[in-house]
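Worksheet for the structure shown next.
The values are calculated or read from the model by the stated rules, or taken from the named source; none is laboratory data. Just so it is clear, the model here is predicted, and its values are computed rather than measured. Positions of Cβ are backbone-derived with ideal geometry, glycine not excepted, and every protein chain shown enters the neighbour counts.
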Ligand SMILES: [Zn+2]
């Protein structure tokens, strides 16, 4: 399945148009037909590293690695927007006249915190794991709370940089829900940091991506809803 670019822009947004992060073509996805190729490549890698892939301890390693990598790369060629399902129309409370004022609406943030994920660093092909906090100020649509967690996990199933995972989640929310504003914060541990800098093995990498109208009072509402890490 190929990605379907969407161009809806939230009302009031004056940001320059951003280039979407490209999705790999579906033909590049490591589907079941490629399992044998992946296993052969793992055997070759082991041999190149000086191992004997025929020794008993490594005999099933290629198929285990193939299964693990196929799952970790499963999002390639898929638009993560699919995980969001159908947006829910946002019925604003019109019982009080002040609710029609933009200043009131700007305080109505929704946050889903502490969504666990695992992904692969595209520079080293080793895991980075952690949690994602998502907050947005809705305009016309809401996302199902479980659907937002599903979006994070679907967006994570490909090799990438942490910065791009946050952008992918934020841009998908903008495209599908057309909210006033979005904030995505990711807190993660990177195995490659632990390998290369053992003294920093518990270092947390925090990235924040914002989209839409993120000046006051939207920013206050987003940060208040998302809270400290
Ligand atoms: Zn890395």
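Mind checking which pairs have a first residue in segment 115-135 that is at positive phi and free of Cβ contacts under 8 Å to residues at least 60 places away in the same chain and a second that is more than 8 Å from the ligand (Cβ to nearest atom) and assigned to a strand (DSSP E or B), Cβ under 7 Å, 6 or more apart or different chains?
125/159
So that you can scan it fast, the table gives a plain yes or no per residue for (1) over 25 Å from residue 125 (Cβ atoms); (2) in contact with a strand residue (DSSP E or B) (Cβ under 7 Å, 6 or more places away or on another chain):
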residue: 135; (1), (2): yes, yes
residue: 139; (1), (2): yes, no
residue: 142; (1), (2): yes, yes
residue: 160; (1), (2): no, yes
residue: 173; (1), (2): yes, yes
residue: 181; (1), (2): yes, yes
residue: 192; (1), (2): no, yes
residue: 197; (1), (2): no, no
residue: 205; (1), (2): no, yes
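Table: residues versus (1) at pLDDT below 90; (2) under 30 Å from residue 146 (Cβ atoms); (3) touching a strand residue (DSSP E or B) at 6+ places or on another chain (Cβ under 8 Å); (4) not in a helix (DSSP H, G or I).
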residue	(1), (2), (3), (4)
24	yes, yes, no, yes
41	no, no, no, no
44	no, no, no, no
47	no, no, no, no
52	no, no, no, yes
63	no, no, no, no
67	no, yes, no, no
74	no, yes, no, yes
